[in-house]
1. Can you give me the solvent accessible area of residue 52 with a 1.4 Å probe, rounded to the nearest 10 Å²?
2. With everything on Cα atoms, drop me the angle between helix 2-11 and the longest principal axis of the chain, reported from 0 to 90° to the nearest 10.
3. For helix 15-38, what angle does its Cα long axis make with the longest principal axis of the chain, in degrees from 0 to 90 and rounded to 10?
4. Provide 53, 73 ordered by accessible surface of protein heavy atoms (probe 1.4 Å), highest first.
5. At 1.4 Å probe size, what's the solvent-accessible area of residue 84? Round to the nearest 10 Å².
6. Using a 1.4 Å probe and counting only protein heavy atoms, arrange 107, 45 so the residue with the most accessible area comes first.
7. Computed FRET efficiency, Cβ-Cβ of residue 51 and residue 28, R0 25 Å: what is it to the nearest 0.05?
8. Under 14 Å from the Cβ of residue 125, count the other residues' Cβ atoms, weight Lys and Arg +1, Asp and Glu -1, and hand me the total.
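The values are calculated or read from the model by the stated rules, or taken from the named source; none is laboratory data. Note that the structure is a prediction, hence the values are computed from the model and not measured. Glycine gets a Cβ as well: all are built from the backbone with ideal geometry, and neighbour counts include every protein chain shown. When the accessible area is computed, the model is the full protein with side chains, heavy atoms only, and any ligands, DNA or RNA have been set aside. Shrake-Rupley method; radii C 1.70, N 1.55, O 1.52, S 1.80 Å.
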Amino acid sequence: FIICALISMYVAPSYSLALYGFIRLALLAMFALSIPIVMRGPKVFTRAILIIVCLALLQAGIGMYQFSQQASVGLGVLGEPVLTSYASNTSTVAAEGGRVIRSYGTFPHPNIYGGFLMLGLLGLCYLYLLCDSELYIWRASKSLYANFRLFITSRYFFIRLALSVGMFLLLMGLLTSLSRGAWLGT
């Protein structure tokens with residue numbers, strides 16, 4: 001792709017635009033090649049999933065606020081589109097004789113927003129299962145009450161509760177996107 005983009009740069013009608021496209025493609029290729037190198041470190045994958053989950057939770061909060069206000073939040077600097085229920089470029093759903101705006105987050109379309117929330121939800125499921133494997137370590141020498149007390153007082157129990165709340169928030173954000181494709185993926 002890089003070689004084809006380099007060759008097509010010289011036959012393009014706009015050299016500066018073709019150069020810009022070539023630089024973007026080269027940066028994306030370097031990024032794609034650097035991912036396996038960076039992911040070799042210990043616990044890097046879990047940290048990357050944690051970052052994606054935090055961003056998805058932020059997007060879900062923005063989307064739920066957009067849905068409750070039925071308008072833009074005012075984050076145009078972050079790429080939020082201008083949302084109005086009467087504009088033809090805003091994705092809406094007809095309900096009870098009116099129009100309901102679908103949540104966008106800071107994405108250009110609600111389906112992309114829903115797909116990102118699905119990615120965050122999968123990340124939360126991974127973290128939940130990771131905590132689950134650490135939580136269920138039973139000691140055969142202890143009584144049932146002592147094992148239950150260890151279960152409740154474990155830090156993984158509270159982390160798992162926080163992850164459950166995060167799953168609920170992401171599902172609510174997914175619900176406000178009104179994205180049938182993302183719902184089907186759930």
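1. 50 Å²
2. 20 degrees
3. Helix 15-38 and the main axis of the chain meet at about 20 degrees.
4. Of 53, 73, the descending order of accessible area is 73, 53.
5. In the full protein context, residue 84 sits at about 30 Å².
6. Correct descending sequence by accessible area is 45, 107.
7. Working: r = 19 Å, r/R0 = 0.77.
That gives a FRET efficiency of 0.85.
8. Here the count lands on 0.
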